[in-house]
1. Looking only at the range 58-75, which residues are part of a loop (DSSP other than H, G, I, E, B), out of contact with any Leu (no Cβ under 9 Å at 6 or more places or on another chain) and either surrounded by 14 or more Cβ atoms within 10 Å (Cβ to Cβ) or modelled with pLDDT of 95 or more (or both)?
2. For the range 1-50, name all the residues that are among the small types (Gly, Ala, Ser), in a loop (DSSP other than H, G, I, E, B) and loosely packed, with under 11 Cβ neighbours inside 10 Å.
3. Suppose the filter is within 23 Å of Leu8 (Cβ to Cβ), touching a helix residue (DSSP H, G or I) at 6+ places or on another chain (Cβ under 6 Å) and free of Cβ contacts under 8 Å to residues at least 40 places away in the same chain; does Val28 pass it?
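The values are calculated or read from the model by the stated rules, or taken from the named source; none is laboratory data. Since the structure is predicted, the reported quantities are computational estimates derived from the model, not experimental observations. With ideal geometry, Cβ positions are generated from the backbone for all residues, glycine too; neighbour counts draw on all protein chains shown.
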Amino acid sequence: MPYTPQQLKGHRAERRARDELIKLGFTVIKAGGSKGIFDLVAWNDADVMLIQVKCNRLPAKAERERMLGCPRPPNAKLFAAIQYDYARKITWKEITCEQKTQPSG
């Protein structure tokens with residue numbers, strides 16, 4: 001079955017995020033099917049990153065709450081990797097308990 005344009009855009013964003021992390025020395029795996037909370041898991045000697053990849057937006061409030069409620073190692077950090085249209089690089093936003101909902105528009 002062919003991919004939709006939205007799925008292709010998401011795959012490109014995931015590959016770009018993965019490639020940036022690999023260049024920084026992280027080992028990266030993609031969650032199978034990306035049906036869970038996180039799309040990518042990355043780690044190096046000191047850090048573990050659990051990553052939700054999005055195009056043009058932060059994860060919605062409900063998604064962020066699921067990310068924050070997920071069991072994880074103490075050294076794991078939660079990130080949104082955002083691929084904005086026409087941007088050459090991924091924008092990285094750490095997801096924290098203190099994060100407020102950003103106004104739309």
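1. Matches in the range 58-75: Leu58, Pro59.
2. Gly25, Ala46
3. yes
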